[in-house]
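Contents: one structure, followed by commentary.
The values are calculated or read from the model by the stated rules, or taken from the named source; none is laboratory data. Since the model is a prediction, treat every value here as computed from it, not as a measurement. Positions of Cβ are backbone-derived with ideal geometry, glycine not excepted, and every protein chain shown enters the neighbour counts.
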Amino acid sequence: MPEKETTESRWDVKFSPLLELCGVTFRNVALLRQAFTHASFRNEHRRLHMGDNERLEFLGDAVLELIVSDYLYQKYPDLLEGQLTRMRASIVCEPSLVGFAQRLGFERYIRLGRGEERSGGRNRPALLADVFEAFVGAIYLDGGYEAARGFVYRHVIAHLDGLVAGTDYKTLLQEWVQQHMHGAVLRYSTVEERGPAHAREFVVSLSIRDEVIGEGVGKSKKEAEQKAARMGFEHLVQATDGGH
């Protein structure tokens, strides 16, 4: 038992900077340890009788989806279920979760078994995404829904500009227009191509009913059209909300 106390106490101390950065506190520090304990570490230290983060990951996944779903539901009252689902998927997908974890430096705190460490597990995307979800689950169990919601709003919702980059805004906008502006046609026009051949940039304008509602710049026409579609989508949704 003294060995376990020494190991855990030494590990707890180094967590202070992370908790300060995340803006959270833990009453039950065992939950915090568990969130960052990979099954490979638990298997190599069975004498410590610790749990790993797999169950917390399961719970955190559900909590994260609920918080993001609630946010999107409130922010976009006119979107259909399928549209909301696609937006949520782009926010809680593995690449996004990895980005959240890396932004907070989670990889420095994970406890791994020797084999997993040698194989580069500390920076493996799936493992980092799992740890982020486990951390959300631990916050939820320790402090309740509002504590988890506060963390997600600070470290997920606050970064939506980068997260929704994976959303197919052309499809999202087309569906919205079909639902709310029957018969209206979206027109994408390339208004400028600039820069040298190896660093080409395209400027795309988006209009509907002779009104320009968005413009996008990208390294390809596809990228520029997606950016124009996002601007147009946000413009139309805000205009509609303002009229309610």
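Among the residues of region 68-115, those identified as assigned to a helix (DSSP H, G or I) and β-branched (V, I, T) are V68, T85, I91, V98. Contact annotation: no residue pair with Cβ atoms under 6 Å, 6 or more positions apart or on different chains, pairs a residue in region 162-187 that is at positive phi and outside any helix (DSSP H, G or I) with a partner that is surrounded by fewer than 12 Cβ atoms within 10 Å (Cβ to Cβ) and modelled with pLDDT of 80 or more. For the residues R118, R194, R149, R154, the requirement of being loosely packed, with under 12 Cβ neighbours inside 10 Å and at pLDDT 90 or above singles out R194.
Using the structure shown, decide if E8 is out of contact with any helix residue (DSSP H, G or I) (no Cβ under 7 Å at 6 or more places or on another chain), at pLDDT below 90 and charged (D, E, K, R). Taking the combined requirement at face value, the residue does not satisfy it. One residue is enough: does region 220-239 have a residue meeting the conditions outside the structural domain of L160 (by TED's automatic domain parsing) and over 30 Å from P77 (Cβ atoms)? Yes, that holds for at least one residue.
Within region 66-123, can you find the residues that are in contact (Cβ under 8 Å) with a residue 12 or more places away in the chain and small (G, A, S)? S69, G82, S90, S96, G99, A101, G105, G113, G115, G121, listed by residue number.
Put simply, of L18, L112, L79 the only residue that is modelled with pLDDT of 90 or more and surrounded by 17 or more Cβ atoms within 10 Å (Cβ to Cβ) is L18.
Tell me whether region 30-53 contains one or more residues that are at pLDDT below 80, farther than 16 Å from V152 by Cα, crowded, with 17+ Cβ neighbours inside 10 Å and charged (D, E, K, R). Yes, there is a match, as at least one residue in region 30-53 is at pLDDT below 80, farther than 16 Å from V152 by Cα, crowded, with 17+ Cβ neighbours inside 10 Å and charged (D, E, K, R).
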